[in-house]
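First the structure, in the form of structure tokens, and then the observations on it.
The numbers here are math on the coordinates, done by the rules we state, and not lab data. Just so you know, these numbers come straight off a predicted model, no measurement behind them. Because the Cβ atoms are built from the backbone with ideal geometry, glycine has one as well, and the counts that use them run over all protein chains shown.
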Amino acid sequence: MDSRAFRPVFAASASIFAIILVIFVAGCQSEGAAPRKADDYNPDADSLRLPGEVHLRNVRQLTFGGNNAEAYWSPDSKQLIFQSDNPDINPQGCDQIFVMNVDGSNVDGTDSRYHLLSTGKGRTTCSYFMGDRVIYSSTHAAGSACPPPVFRSETGKYVWPIYDTYDIYSAARDGSDTKLLIGGDGYDAEPTVSPDGKYVVFTSTRSGDLELWRYEIETGEVLQLTNTLGYDGGAFFSPDSKKIVWRASRPEGAAADEYKELLDNGMVQPTALNIFVADIDGSNVVQVTDLPGANWAPFFHPDGKRIVFTTNHHMIETDPRVFDIFIVNLDGTGLDQVTHFNSFDGFPMFSPDGKRIAFSSNRNNGNTSDTNVFVADWYDPVN
């Protein structure tokens with residue numbers, strides 16, 4: 001999905017629409033990253049870390065301007081692939097896919113910190129590393145122009161556009177050799193890769209609803225994983241590649257009728273979402289969260305026992321435009337707030353070595369609408 005299709009979006013103002021981002025793997029250590037010693041850390045030097053953010057250390061900003069989101073780690077934890085509409089690096093006018101080094105140095109073989117991997121045409125989203133290649137969703141086959149954004153239905157409901165021109169492509173690590181990987185009629189997007197390199201999970205409308213599908217990389221075979229009415233998307237694999245976690249809506253009654261009508265018109269309303277887990281064949285589905293508002297962008301902690309996600313459930317009665325990152329046990333217990341910002345923090349993802357977390361945020365943007373990518377050391381306080 002378009003990275004501007006979700007952020008603090010539930011108030012009707014042009015400034016809010018300008019900063020919208022989508023809701024839209026990791027490997028692991030044997031038991032996750034060990035807690036860092038408290039005496040190794042100097043909080044006075046950590047100016048981008050906010051009060052109460054006890055899980056974060058040494059927060060660093062990696063992008064500067066525009067909307068930058070869905071930053072996902074390379075298997076060696078040295079690079080991040082992400083989408084950006086920053087006009088300083090992307091003249092297209094809508095999101096394109098880039099790669100950057102986590103240490104802020106120039107990407108190999110270039111004179112820039114950010115290297116374009118997508119074609120520079122159409123609208124792109126949802127990129128990921130896949131072995132010696134990368135994958136991403138793009139509309140470029142339907143035309144070089146950006147498809148128009150849609151943030152309101154005819155009835156005034158806040159919606160996301162579901163572009164049926166999205167297909168999933170692979171490319172070499174330098175952006176060359178672009179090939180269609182998963183395509184066909186309808187929306188095919190939101191792909192991520194299992195840590196064992198066997199599967200891609202993605203969201204598609206090929207069955208008539210927004211469902212999760214699994215693509216086997218070696219054979220090209222696809223398997224439908226979900227079949228319940230509602231939006232199923234943004235899936236990721238567990239560190240051992242045995243489970244998936246995703247966001248889903250489960251509309252009923254009049255809400256179900258409205259959902260189907262919007263979908264028939266290429267739209268979805270993302271205001272009621274919760275987190276689910278299942279085995280990688282779609283069996284043994286468990287609902288992890290049962291919270292109000294939009295709970296989305298889930299990702300497994302490297303210990304395989306917890307999930308980080310983005311939510312506004314704690315602000316739904318006061319200011320539903322505010323999103324923070326929380327962490328929760330797989331059984332829904334132990335809910336713990338990770339970030340404490342008065343605007344937007346989201347898209348959390350642990351590095352494969354379990355030592356760091358990447359996320360996108362409105363913090364330190366000079367009172368603009370910019371969303372940037374940040375990275376921090378992860379710390380589990382010792383009780």
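Which order do the peptides 223-230, 143-150, 113-120 take when ranked by the mean count of other beta-carbon atoms within 10 Å per residue, highest first?
Values: 223-230: 16.8, 143-150: 14.0, 113-120: 20.6.
So the peptides 223-230, 143-150, 113-120, ranked by packing, come out 113-120, 223-230, 143-150.
Which of the aspartates and glutamates could a cross-linker bridge to K305, judged by Cα under 12 Å and excluding same-chain residues fewer than eight apart?
E31, D240, D331
List the GluC sites (Glu not before Pro) within region 202-240 that DSSP assigns to loop and that have no more than 11 neighbouring Cβ atoms inside 10 Å. Can you show the working numbers first?
Values: sites: E211, E216, E218, E221; in loops: E218, E221.
Sites meeting the loop and neighbour criteria: E218, E221.
How about K260: which lysines have a C-alpha closer than 25 Å to its C-alpha, ignoring those fewer than 8 places off in the same chain?
K157
What full-extension length gain, to one decimal in nm, is calculated for T110 and E258 as 0.36 nm per residue of separation minus the Cα-Cα distance?
Details: separation 148, 0.36 × 148 = 53.28 nm, distance 4.87 nm.
Separation in residues times 0.36 nm, less the Cα-Cα distance, equals 48.4 nm.
Please give me, ordered by residue number, the GluC sites (Glu not before Pro) of region 252-343 that lie in loop per DSSP and have at most 12 other Cβ atoms within 10 Å. All intermediate terms of the calculation are to be shown ahead of the outcome.
Numbers: sites: E252, E258, E261, E317; in loops: E252, E317.
For GluC sites (Glu not before Pro) across region 252-343 that sit outside H, G, I, E and B with at most 12 neighbouring Cβ atoms in 10 Å, the list reads E252, E317.
For the chain, build the convex hull from the C-alpha positions and give me its volume per residue in Å³.
On the way: hull volume 52.1 nm³, N = 383.
Given the Cα convex hull of the chain, per-residue volume reads 136 Å³.
Defining a contact as two alpha carbons under 8 Å apart and six or more residues distant in sequence, what relative contact order in percent does region 160-317 show? Intermediate results must be reported in sequence, preceding the final value.
Numbers: 364 pairs, mean separation 25.5, N = 158.
Averaging sequence separation for qualifying contacts and normalising by length gives 16 percent for region 160-317.
On full extension of the chain, what length is gained from Q337 through E218, given 0.36 nm per residue of separation minus the C-alpha to C-alpha distance? Provide the component values of the computation, followed by the final result.
Values: separation 119, 0.36 × 119 = 42.84 nm, distance 3.96 nm.
Between Q337 and E218, full extension yields 38.9 nm more.
Name the residue from G293, T125, V338 whose Cα lies farthest towards the positive end of the charge dipole of the chain, charges +1 on Cβ of Lys and Arg and -1 on Cβ of Asp and Glu.
V338
Before rounding to the nearest 500, sum -39500 (n - 2.57) across all DSSP H runs of length at least 4 in the chain and divide by the residue total; then give [θ] at 222 nm in deg cm²/dmol.
Working: 2 runs with 15 residues, N = 383.
That calculation yields -1000 deg cm²/dmol at 222 nm.
Dividing the alpha-carbon Rg of region 106-204 by 2.2 N^0.38 Å yields what?
Working: Rg = 15.0 Å, N = 99, 2.2 N^0.38 = 12.6 Å.
Against the empirical 2.2 N^0.38 Å value, I get 1.19 for region 106-204.
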